[in-house]
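A quick write-up on the structure given underneath.
The values are calculated or read from the model by the stated rules, or taken from the named source; none is laboratory data. All of these numbers come straight from a predicted model, not from anything done at the bench. Because the Cβ atoms are built from the backbone with ideal geometry, glycine has one as well, and the counts that use them run over all protein chains shown.
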Amino acid sequence: MGSIKRISKELTELTESPPEGITVELADESNVYEWKVIMEGPESSPYYNGKFLVKLSLPTEYPFKPPTVSFATKIYHPNVTNDEKGSMCLGMLRADEWKPSSKIAAVLQFARQLLSEPMPDDAVEGRIAEQYKNDRGRYEEVAREWTRKHAC
Amino acid sequence: MDSDDDFMSDVSSQDDFLGTQGSEDESLGEDFDDLDAGFSDDKDLIKHKKKPYEVEFKVLDPPDIEREQVGQVNEVCAVLGLPPESVAILLRFGRWKKEKLIESYMEHPEETLEEAGLGSNFEGTAKTERVPGFMCDICCEDGDDLETYAMRCGHRFCVDCYRHYLGQKIKEEGEAARIQCPGDGCNRIVDYKSLDLLVTKELQGRYRELLTRTYVDDKENLKWCPAPNCQYAIDCGVKNRDLRRIVPTVRCFCKHEFCFGCSLNDHQPAPCKLVKMWLQKCEDDSETANWISANTKECTKCNSTIEKNGGCNHMTCRKCKYEFCWMCMGLWSEHGTSWYNCNRYEEKSGADARSAQAKSRSSLERYLHYYNRYANHEQSAKLDKDLYLKTEKKMTSLQSQSGLSWIEVQFLDTASQALQQCRQTLKWTYAFAFYLARNNLTEIFEDNQKDLEMAVESLSEMFEKPVAELAELKVDILDKTAYCNKRRVILLSDTAENLKNATTFCVRGVLEILRILHVSSFDEGFSFAQSISTTFDPLTMKCKGFPWETGGHSAETEPIYADQMSLVRGLQSHRGSACPGQKSRVLFSASSPRLKRDLNLS
């Protein structure tokens, strides 16, 4: 499989020089397609001090098909579904936007970026997006509260 | 046979009529002769004079469409001096609007190229290479003997990965015109030369197919034939904005006849917009309409539909709280103490209310009148399919019984086809008539409709006779078939000509349409009025071309005018809200979504 070589290379790079606030490992040493990512809440965000477990799954067709990213830790965020799946909708992960030369590091960095700068116009949780836009204070309060409860 | 004789005499007079029509056609025909040349491929269409309801069109097969694309690419290549594979991308980006594209390129060449997904570098030819020290960014394989490829953007990947990427885009995602370079963030579009170099013959074919599909979708003058498994496309110059005047029925090589405007089956003579409204209306109304008609009355104040499901005659409308008597529909306050015994028949408010009631009832009856006839012909058209099969059997058995040859029994097949076609037309005349205001033209239209209907019914009757009698009836059937076809041509020609003159066919006033559609569809009625008549003025909500605007009032136009005015007032005052009421229940039927909507019930 050509993809194994690519995946191991990306994994090595990410473990050797991890991007800020992100650590990665395989969920199960024998399976390179399921990754466990610990994402630290960025300092400028209400998620600060939280450690979020993010699951990254690679399809067997990777890198020709995009990976999927989901939050295993509950998080109060307009772009993450508020259910047991915690799915995240990233533009660059849509099949028609994904390029085979895009890197997982970029995906993770983008996801973390989204924690400090949510995109309420592409929200999956409309109610949270509404609050983010109209009552920022309350949103930050709840997000901080959830972070304390679920991610610390 | 008396009646037949009558018909025959009719035919001869119609011949005269057609004769004069024909001479007009000839002068028209000359202008179109050159364009008509496209028809000569079609054996079915022996050179004939174009009738007013026919439109120019051409049937294209996939190779034709590909040739067209190549032709346009070459043309633009010559002007811009760019390589053809790049021009193809440019043209697809600009949806094949050549002039606009050339203009935009001349003004801002770099921006245009960038937006289209092309760089300004046109150097070099498409070829795969081995590059020492190369590592593929996709699969991370390296090796000096790795075959690699890069487009002019310079993003280089190994040929295997490139191939895999293209294959997935084409086969799984059905993408062709907008496949980008696999490089992260690069928006260069993959050109056909690169593609041909990298993928298999089979994929190249699929790629071309997809490109042809987008080509047809992009061009306003092209449409695929909607028949299942049909591979032809139709080229027709009728624009969207013309659709209120022209009903562009086209006929594909596969024999499917459809409307170029909306891709529905042939619906002449009714224009697309009306057809859409009619189908929507039928979907909303047909099942509930009968029941409503039999069991309900409308509140005389707010027109809510009310079903009385018990109790006394003192009704309070749930919506507008209007109190009235169910028996006479008059104001309850005028009833005094005679609660259960309505003796107020002569009172004025009751009489007014009943006339309003009658009016609204009659509008429903009016709809049902047209709907029943429409549905009848639709049903008959379905039966015609069976009829067609029966015809074949009839022809074989007639052949064996009468000793006629196969050619000689073809008259039954011709008759069967005429029947189907005429019924199809008749069906839509009823939908069309529903939306017409009463005037001279409508009467002429209805006369034409009646003539065609009578002819069709009598042909249909002959056609169903026992096989033994058919041989004898051959001449009659032939005559009647010809007559039916003639009547159809006359009806369609007349209607098409009148449609082309914007204001001659007076579609029932916009407000009448609103009433038919109910008030919730105000926007639809409004935009429809705008589309159907260029003279519709949104400020005054009147059509300037309507008689009273140009020629002042006359006895003839007065009723239409009054009708419209009362509808304006009705519209203005029609603003009620739902409230609970005693012993009356605003009806809502789960099966009619529109009714629910109109009654503000969710």
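Annotations for the structure displayed:
- Taking segment B:421-450 as the range and being in contact (Cβ under 8 Å) with a residue 60 or more places away in the chain and of a type in the set (D, E, K, R) as the test, only B:Arg438 passes.
- For segment B:158-174, filtered to residues that are under 15 Å from B:Gln204 (Cβ atoms) and hydrophobic (A, V, I, L, M, F, W, C), the residue that is nearest to the other protein chains (Cβ to nearest Cβ) is B:Leu166.
- Of the residues making up segment B:175-202, those that are under 27 Å from B:Asp235 (Cα atoms) and more than 14 Å from chain A (Cβ to nearest Cβ) number 2.
- Only one entry in A:Leu58, A:Leu93, A:Leu53, A:Leu114 is modelled with pLDDT of 90 or more and within 30 Å of B:Val190 (Cα to Cα), namely A:Leu58.
- Within segment B:144-175, considering residues that are within 24 Å of A:Ile104 (Cα to Cα) and of a type in the set (Gly, Ala, Ser), the one modelled with the lowest pLDDT: B:Gly154
- In this structure, A:Asp121 qualifies as at pLDDT below 90, more than 14 Å from every other protein chain (Cβ to nearest Cβ) and in a helix (DSSP H, G or I).
- Subset of segment B:114-145 that is acidic (Asp, Glu) and over 24 Å from A:Trp98 (Cβ atoms) - its residue that is surrounded by the most Cβ atoms within 10 Å (Cβ to Cβ): B:Glu129
- Among (1) touching a Ser or Thr at 6+ places or on another chain (Cβ under 7 Å); (2) under 28 Å from B:Tyr232 (Cα atoms); (3) free of Cβ contacts under 8 Å to residues at least 12 places away in the same chain - the single one B:Ile65 does not satisfy: (3)
- Odd one out for A:Asp96, checked against (1) away from chain B (no Cβ under 14 Å); (2) more than 20 Å from A:Leu11 (Cα to Cα): (1)
- Some residue of segment B:284-291 being at pLDDT 75 or above and touching a Ser or Thr at 6+ places or on another chain (Cβ under 9 Å): no
- Here B:His155 passes the criteria (1) surrounded by fewer than 17 Cβ atoms within 10 Å (Cβ to Cβ); (2) within 12 Å of chain A (Cβ to nearest Cβ) except the one numbered (1).
- Any chance A:Glu25 is away from chain B (no Cβ under 14 Å), assigned to a loop (DSSP other than H, G, I, E, B) and surrounded by fewer than 21 Cβ atoms within 10 Å (Cβ to Cβ): no
- Residue in segment A:64-76 that is farther than 30 Å from B:Ile170 by Cβ, away from chain B (no Cβ under 14 Å), of a type outside the set (Lys, Arg) and touching a helix residue (DSSP H, G or I) at 6+ places or on another chain (Cβ under 6 Å) present: yes
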